[in-house]
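*Asks:* First, the structure itself, so that you have it in front of you.
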Amino acid sequence: MAVRLNDDKEMVAMIREGLKRTGGYCPCRLERTEENKCICKEFREQMEDPDFKGFCHCMLYYKD
Ligand code: SF4
């Protein structure tokens, strides 16, 4: 399992801006809850899932 940033640097910069704006909460979600703090619960679970391959919801990270 390997997790890396999206190869698209513009996308990464945009999402990082969003994270700065929200104070670390997922910029693609409305709710400011603990589970939506980056790295969010959804992607943490996807990282643990041996069958999951792909981007996190915001496309900041990619897991293969
Ligand atoms: S979807 Fe990606 S960028 Fe958004 S909180 Fe989860 S891990 Fe972070």
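The values are calculated or read from the model by the stated rules, or taken from the named source; none is laboratory data. Note that this is a predicted model, so its numbers are computed, not measured. So basically every Cβ, Gly included, is an ideal-geometry build from the backbone, and we count neighbours across all protein chains shown. Ligands, DNA and RNA are stripped out before the accessible areas are found, and what is left, the full protein with its side chains, is counted by its heavy atoms. Shrake-Rupley method; radii C 1.70, N 1.55, O 1.52, S 1.80 Å.
*Asks:* For segment 18-34, which positions are more than 8 Å from the ligand (Cβ to nearest atom), among the charged types (D, E, K, R) and surrounded by 11 or more Cβ atoms within 10 Å (Cβ to Cβ)?
*Replies:* Scanning segment 18-34 gives a single hit, ARG32.
*Asks:* If you don't mind, another one. Quick one: is CYS58 out of contact with any strand residue (DSSP E or B) (no Cβ under 6 Å at 6 or more places or on another chain), of a type in the set (A, V, I, L, M, F, W, C) and touching a residue at least 24 places away in the same chain (Cβ under 8 Å)?
*Replies:* Judged against the criteria, CYS58 is a match.
*Asks:* Right, next: State whether one or more residues within segment 1-18 are among the aliphatic types (A, V, I, L, M) and in a strand (DSSP E or B).
*Replies:* Yes: one or more hits.
*Asks:* Consider segment 35-64. How many of its residues are out of contact with any helix residue (DSSP H, G or I) (no Cβ under 7 Å at 6 or more places or on another chain), part of a helix (DSSP H, G or I) and open to solvent by 50 Å² or more (accessible area, probe 1.4 Å)?
*Replies:* Residues flagged as out of contact with any helix residue (DSSP H, G or I) (no Cβ under 7 Å at 6 or more places or on another chain), part of a helix (DSSP H, G or I) and open to solvent by 50 Å² or more (accessible area, probe 1.4 Å) within segment 35-64 amount to 4.
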